[in-house]
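I have placed the structure first, in the form of structure tokens, so that the comments after it can refer back to it.
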Amino acid sequence: DGGITQSPKYLFRKEGQNVTLSCEQNLNHDAMYWYRQDPGQGLRLIYYSQIVNDFQKGDIAEGYSVSREKKESFPLTVTSAQKNPTAFYLCASTGGSYNEQFFGPGTRLTVL
Amino acid sequence: GQQVMQIPQYQHVQEGEDFTTYCNSSTTLSNIQWYKQRPGGHPVFLIQLVKSGEVKKQKRLTFQFGEAKKNSSLHITATQTTDVGTYFCAPRIYNQGGKLIFGQGTELSVKP
């Protein structure tokens with residue numbers, strides 16, 4: 001089955017620790033995205049990558065970092081500099097007839 | 001970044017009642033997509049509107065794009081419990097590199 005996988009589904013970390021969220025796709029899509037979702041605030045763009053070895057900051061990039069060494073993979077690191085990291089993180093890629101976004105199942109990060 | 005207003009934020013209806021969510025932008029939109037996110041799930045693409053005044057239907061769902069391409073609406077006729085979830089509009093803004101800008105979403109609950 002083609003799709004996007006994110007792991008783990010739930011993640012707990014202590015304050016001050018960096019944590020890396022995984023995102024893998026086998027859809028052969030060039031563009032990939034990371035969003036953060038908080039209750040009542042919709043989806044906010046953290047970083048996006050339109051091609052391998054290239055990425056751009058989104059609206060809320062502070063405290064996050066990414067890499068895009070392979071087309072299939074776009075990991076997101078939540079650093080200790082992120083003031084309020086507890087949230088639901090969604091990875092997506094763009095493709096299809098309408099250049100729509102395909103989302104992974106998400107990772108719910110809780111920082112204690 | 002570019003703001004998109006989606007209203008209402010929450011809507012509670014009795015099963016069988018109609019439901020409408022509106023998406024408004026101060027900027028002319030290239031096109032607009034709509035997504036649905038079930039509780040605990042991830043957003044799933046529903047439809048894309050491109051032309052001024054365009055109307056598209058999917059069973060009980062009717063999507064409209066405004067004449068000025070600055071607003072859009074999603075109307076559900078005779079809601080069912082399976083319609084529960086959050087509906088997001090996601091316009092593409094001219095000169096924004098093709099990125100989607102997600103609205104805050106409208107959370108729909110349906111009482112049986």
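The values are calculated or read from the model by the stated rules, or taken from the named source; none is laboratory data. Computed from a predicted model, the values in this text were never measured in an experiment. Every residue, glycine as well, gets a Cβ built from its backbone with ideal geometry; the counts of neighbours run over all protein chains shown. Remember, those area values only see protein heavy atoms, side chains included, never the ligands or the DNA or RNA. Shrake-Rupley method; radii C 1.70, N 1.55, O 1.52, S 1.80 Å.
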> About its Cα centre, how strong a charge dipole does chain B have in debye, to the nearest 20, once Lys and Arg get +1 and Asp and Glu get -1 at the Cβ?
Replying inline: 380
> When all C-alpha to C-alpha distances in chain B are sorted into bins of 5 Å, what percent of pairs does each bin hold, rounded to whole numbers?
Replying inline: 2, 13, 24, 25, 19, 10, 5, 1, 0
> Where the only charges are on Cβ atoms (+1 Lys, Arg; -1 Asp, Glu), what is the dipole of chain A about its Cα centre, to the nearest 20 debye?
Replying inline: 380
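Using DSSP, restrict attention to beta bridges with both residues in chain B and report what percent are antiparallel, rounded to the nearest 5.
Around 90 percent antiparallel, to the nearest 5.
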> Under a point-charge model restricted to the Cβ atoms of Lys and Arg (+1) and Asp and Glu (-1), what is the dipole moment magnitude of the protein assembly as shown relative to its Cα centre, in debye to the nearest 20?
Replying inline: 60
> Can you give me the relative contact order of chain B as a percent, contacts being Cα pairs under 8 Å and 6 or more apart?
Replying inline: 37
> Within chain B, which is the longest segment containing none of the trypsin sites (Lys or Arg not before Pro) that sit in a DSSP loop and have at most 12 other Cβ atoms within 10 Å?
Replying inline: B:60-112
> What figure in square angstrom, to the nearest 10, would you give for the accessible area of B:Met5 with a 1.4 Å probe?
Replying inline: 100
> Ranked from the most accessible area to the least, with a 1.4 Å probe and all protein chains present, what is the order of A:Glu15, B:Glu54?
Replying inline: A:Glu15, B:Glu54
> Any idea what the alpha-carbon Rg over 2.2 N^0.38 Å comes to for region B:1-65?
Replying inline: 1.22
>> I'd like the mean, over residues of B:40-50, of how many other protein chain beta carbons sit within 10 Å of each residue's own Cβ.
In response: 5
> Protein chains only, probe 1.4 Å: how do A:His29, B:His42 rank by accessible area, largest first?
Replying inline: B:His42, A:His29
>> For a quick size check, give me the Cα extents of the protein assembly as shown along its three principal axes, largest first, whole Å.
In response: 48, 39, 36
> Where the convex hull is taken over the Cα atoms of chain A, what is its projected area averaged over directions, in nm²?
Replying inline: 6.8
>> Give me the 1.4 Å probe accessible area per residue for region B:2-109, excluding ligands and nucleic acids, in Å².
In response: 47
> Which number gives the lysine pairs in chain A that have C-alpha atoms under 28 Å apart and are eight or more places apart or on different chains?
Replying inline: 9
>> Per-residue Cβ counts within 10 Å, from other chains only, averaged over A:93-106: what number is that?
In response: 4
> Any idea what the relative contact order of chain A is, in percent, if you count C-alpha pairs under 8 Å spaced at least 6 apart?
Replying inline: 35
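How shielded is B:100-108 by partner chains, expressed as the average number of their Cβ atoms within 10 Å of its Cβ atoms?
4
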